[in-house]
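Undergrad: Before I ask anything, here is the structure I am working with.
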Amino acid sequence: MEQVAESAIDDIVRGAVHFGSGGGGEPHLGRQLLTAAVRQYGPVPLVQAGSLAPDALVLPVVSAGAPYALLEKAHGVHEAEALRAAVEARAGRECAAVLPVQLGSANVAVPLAVAARLGLPCLDADLMRRTLPSIDMTLLRLSGHPVPPITLVGCTGALVEFSSGDGAVLGELLRAVMPGLGLVALASAYEVTAGVCARLGVDGSISDCARIGAALGAVSPGSEAGYAPFLRACGGRMLCTATVAELVQHSTDGWPRGVVSLNTPAGFARIDFQNENLIVSRSGTVLATVPDLISLADAETGSLLQTTDLALGQEVHVIAGPVDDRWHTPEGLDMVGPRAFGYAVDPVRFDGTGDLTAAGPR
């Protein structure tokens with residue numbers, strides 16, 4: 001893709017929901033934010049990191065905060081301008097492009113909208129190749145790049161900066177200051193250049209969202225075969241069709257966590273989630289885990305669902321798909337595998353052959 005015009009927004013946001021793995025923010029809100037920005041400022045140019053000067057400063061952008069709060073306090077142009085000014089003042093030079101930190105419906109739409117408002121191109125890239133809940137869970141950090149400096153601009157206009165510190169500790173500090181920022185903030189981290197992004201090899205993220213989203217939009221939900229174009233596009237597999245039997249969740253810290261119980265032809269299955277779906281299992285056998293993608297599609301419409309929006313009795317398809325191989329290295333699994341989220345579960349990599357409808361454990 002060379003630019004994001006209004007005609008491409010539906011596909012991009014739809015594809016980003018796939019990378020959200022059951023989380024990633026409200027798709028309708030992301031679509032609205034990006035559509036409004038493109039209508040006001042024009043299409044957003046997309047560029048490859050290698051097309052910029054290696055020392056060109058890029059502006060990583062992520063929407064931080066509780067997903068439900070963003071519904072009421074969407075980011076505006078003032079936060080975008082304040083974030084850019086703070087990053088440029090610290091670096092002593094101007095930003096050449098915006099860089100999405102993660103994929104997911106909100107955090108694809110927000111960086112593109114920021115790029116439109118600032119009159120900058122956006123890198124056709126991201127730093128996670130999926131959605132993960134913490135700003136320190138990136139391929140850039142996995143490669144040894146420090147997370148700080150971190151800058152947040154709250155919806156009230158307050159600005160917070162962390163100049164140094166351990167990535168995991170900073171992640172906790174960010175959560176601690178979010179209430180004071182109104183639970184919604186525009187954030188940037190990783191002082192990074194186009195050359196660093198080019199060496200990281202993360203090009204094509206926005207284009208992948210558009211490609212997968214177009215395939216998802218062509219799904220015929222009446223049968224499993226109707227999902228074939230989407231599954232080919234994302235490299236995934238439908239594990240089963242199931243009925244939602246129970247949804248248990250809590251969000252005492254502002255982020256949804258819980259368990260979805262599913263009634264399948266072979267008995268009960270469950271999905272454990274913390275923002276995103278992290279583990280899918282049946283009868284004590286784990287079939288797929290984070291960092292791979294685990295999604296639920298509405299059997300009636302074919303749309304991918306936010307896990308927290310499920311309804312009892314709803315018929316869904318469980319879909320698993322692969323992610324960047326680097327997340328499956330020992331170092332990657334230490335950072336984003338199931339044990340990193342507090343589950344005493346060994347990682348199970350999606351291999352394209354899992355089947356929740358089969359009798360008995362695999």
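The values are calculated or read from the model by the stated rules, or taken from the named source; none is laboratory data. Since this is a predicted model, take the numbers as computed values, not measurements. When we count neighbours, we look across all protein chains shown, and the Cβ atoms used for this are built from the backbone with ideal geometry, even at glycine. For accessibility, only protein heavy atoms count, side chains too; no ligands or nucleic acids. Shrake-Rupley method; radii C 1.70, N 1.55, O 1.52, S 1.80 Å.
Undergrad: Any idea of the accessible area per residue across the chain, 1.4 Å probe, to the nearest Å²?
TA: Values: 13650 Å² over 362 residues.
Using a 1.4 Å probe on heavy atoms only, each residue of the chain averages 38 Å².
Undergrad: Run the dipole for the stretch 72-218 about the Cα centre, Lys and Arg Cβ at +1, Asp and Glu Cβ at -1, nothing else charged, and hand back the magnitude in debye, nearest 20. Let's see the in-between values first.
TA: On the way: 11 positive and 14 negative charges, 35 e Å.
So the dipole magnitude of the stretch 72-218 works out to roughly 160 debye.
Undergrad: Cut-off 12 Å, label point 7 angstrom out along Cα-to-Cβ of GLU315: give me the residues of the stretch 215-259 whose amide nitrogen falls inside.
TA: Residues 221-224, 241-244 qualify, since their backbone N sits under 12 Å from the label point.
Undergrad: Can you list the HN-Hα couplings for the stretch 53-60, worked out from phi with the Karplus curve (6.51, -1.76, 1.60; θ = phi - 60°), rounded to whole Hz and with x for Gly and Pro?
TA: Residue by residue, the stretch 53-60 yields 4, x, 8, 5, 6, 10, 10, x Hz.
Undergrad: What is the packing order of peptides 202-214, 40-52, taking the mean over residues of other C-beta atoms within 10 Å and listing the highest first? Provide the component values of the computation, followed by the final result.
TA: On the way: 202-214: 22.4, 40-52: 17.5.
In descending order of packing, they fall as 202-214, 40-52.
Undergrad: So if I place +1 on the C-beta of Lys and Arg and -1 on the C-beta of Asp and Glu, and nothing else carries charge, what would the dipole magnitude of the chain be about its Cα centre? I want it in debye, nearest 20.
TA: Values: 23 positive and 37 negative charges, 18 e Å.
Approximately 80 debye in magnitude.
Undergrad: Per DSSP H run of at least 4 residues, take -39500 (n - 2.57); add these up for the chain, divide by its residues and hand me the 222 nm value, nearest 500 deg cm²/dmol. Walk me through the intermediate numbers first.
TA: Numbers: 11 runs with 109 residues, N = 362.
One gets -9000 deg cm²/dmol as the mean residue ellipticity at 222 nm.
Undergrad: Let me ask something else. In angstroms, what radius of gyration and Dmax does the chain have, counting Cα atoms only?
TA: According to the Cα coordinates of the chain, Rg and Dmax are 19.5, 62 Å.
Undergrad: Say each of ARG39 and ALA53 gets a label point 7 Å from the Cα, pointing the same way as Cα to Cβ; how far apart are those two points in nm?
TA: Each label point lies 7 Å from its Cα, and together they span 3.8 nm.
Undergrad: Ignoring ligands, DNA and RNA, what percent of the accessible area of the chain is carbon or sulfur (1.4 Å)?
TA: Details: 7030 of 13650 Å².
Taking all protein chains in place, the chain shows 52 percent carbon and sulfur surface.
Undergrad: Given the alpha-carbon gyration tensor of the stretch 77-168, what are the semi-axes of its equivalent ellipsoid in whole angstrom, ordered largest first, with each equal to the square root of 5 times an eigenvalue?
TA: Values: eigenvalues 76, 60, 35 Å².
In descending order, the three semi-axes are 20, 17, 13 Å.
Undergrad: Taking amide H atoms as placed 1.01 Å from N in the peptide plane, list the residues 5 or more away in sequence, or in a different chain, whose amide H sits under 5 Å from that of VAL184.
TA: Long-range HN contacts for VAL184: CYS155.
Undergrad: Would you please give the residues with an amide H less than 5 Å from that of GLU246, counting only those at least 5 places away or on a separate chain, with H modeled from the backbone geometry?
TA: Under 5 Å from the amide H of GLU246 lie the amide H atoms of SER261, each far enough along the sequence or on another chain.
Undergrad: Now for a different question. Packing-wise, with mean Cβ within 10 Å as the measure, how do 288-294, 9-15 rank, highest first?
TA: Working: 288-294: 26.3, 9-15: 23.7.
The most tightly packed comes first, giving 288-294, 9-15.
Undergrad: A further question follows. Could you give me the ³J(HN,Hα) list for the stretch 147-158, computed from phi with Karplus coefficients 6.51, -1.76, 1.60 and θ = phi - 60°, whole Hz, x at Gly and Pro?
TA: Once θ is set to phi - 60°, the couplings for the stretch 147-158 become 6, x, x, 10, 10, 10, 10, x, 5, 8, x, 5 Hz.
Undergrad: Which residue fluctuates most in the GNM of the chain (Cα springs below 10 Å): LEU83, LEU310, LEU123?
TA: Looking only at LEU83, LEU310, LEU123, the biggest GNM fluctuation is shown by LEU310.
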